[in-house]
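Undergrad: The structure is given below, and queries will be raised subsequently.
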Amino acid sequence: MIPSGRLLTGRPRLLVIYATEWGSTAGVAEAVADELRNGGAEVDLRAIGVAPSPALYDGVVVGGPMILGWHKDAVRYVASHRADLAGRPVAYFLTALSLTDTGEDDLDGIPLFADARLAKAPRRAGRLGLAERYARPRRYLRRVLGKAPLVRPVSVAFLGGSLNLMRLNSFQKLFVLLVVRASPRDARNWEEIHRWARELLPLLARRNGSLEESSP
């Protein structure tokens, strides 16, 4: 977290991009971008379909919802731009309604951040049910990390999302209800979203100089 009374030098230029189905993940991305701007960064916020090359930025945040895996557009962007992303600080956020607390603070050296209201301990220690196995951090991240193994995020956040069953097709409804076992609701936790973005800023800005005391 940025110490009180400090500002970033050099105003790092950051890109926050997001994939979304019905707009709720866009709201999360907007909150992340606002918090990064409040910390002194110059931030471009873009939908992933019109996102520019990461080569133009000092750091990049890629976000998307979990829909039968991380949103395909987010995975595609990371895979397509893996060479440029590997050369700068990158962070991912995943919005979901279910997350199994496995006690992991990192995944193969990649720091993890989990919304405290989202992560749930297993019902039976040492024996995960089907939904609990599916909702493990490692399971959620496996595909995207495998698509771009040279991209090592400085942080991956698991954040509460929003679910409206009326917007899902029949297969998605069955999957959500029977496999994930998530109930329809808006679980976005704005306090945790802003907290993650504050803690993220120094990591994304590290190519742009150090932090120094601001003038009174």
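We did not get these values from a lab; they are worked out from the coordinates using the rules stated. Worth saying up front: this structure is predicted, and the values here are computed from it rather than measured. Quick reminder, even Gly has a Cβ in these numbers, built from the backbone with ideal geometry, and neighbours come from all protein chains shown.
Undergrad: Tell me the Rg and the Dmax, in Å, that the Cα atoms of region 55-123 produce.
TA: So, for region 55-123, Rg and Dmax equal 13.8, 46 Å respectively.
Undergrad: What size of dipole, in debye to the nearest 20, comes out for region 43-111 about its Cα centre when the only charges are +1 on Lys and Arg C-beta atoms and -1 on Asp and Glu C-beta atoms?
TA: Once rounded to the nearest 20, the dipole reads 420 debye.
Undergrad: What nm distance separates the two modelled labels at residue 106 and residue 53, each placed 7 Å from Cα along Cα→Cβ?
TA: Between residue 106 and residue 53, the label points sit 3.2 nm apart.
Undergrad: Considering only DSSP beta bridges with both partners in region 50-143, what is the antiparallel share in %, to the nearest 5?
TA: So the antiparallel bridges in region 50-143 amount to around 25 percent.
Undergrad: Using a basic spin-label model with each label point 7 Å from the Cα along Cα→Cβ, how many nm lie between residue 147 and residue 190?
TA: 3.1
Undergrad: Give the peptides 136-146, 107-117, 93-103 in descending order of average Cβ contacts within 10 Å, highest first.
TA: Averaged packing, sorted descending, gives the order 93-103, 136-146, 107-117.
Undergrad: What net charge is computed for the residues neighbouring residue 126, neighbours being all others with C-beta under 14 Å from the C-beta of residue 126, Lys and Arg scored +1, Asp and Glu -1?
TA: My count for the surroundings of residue 126 gives +3.
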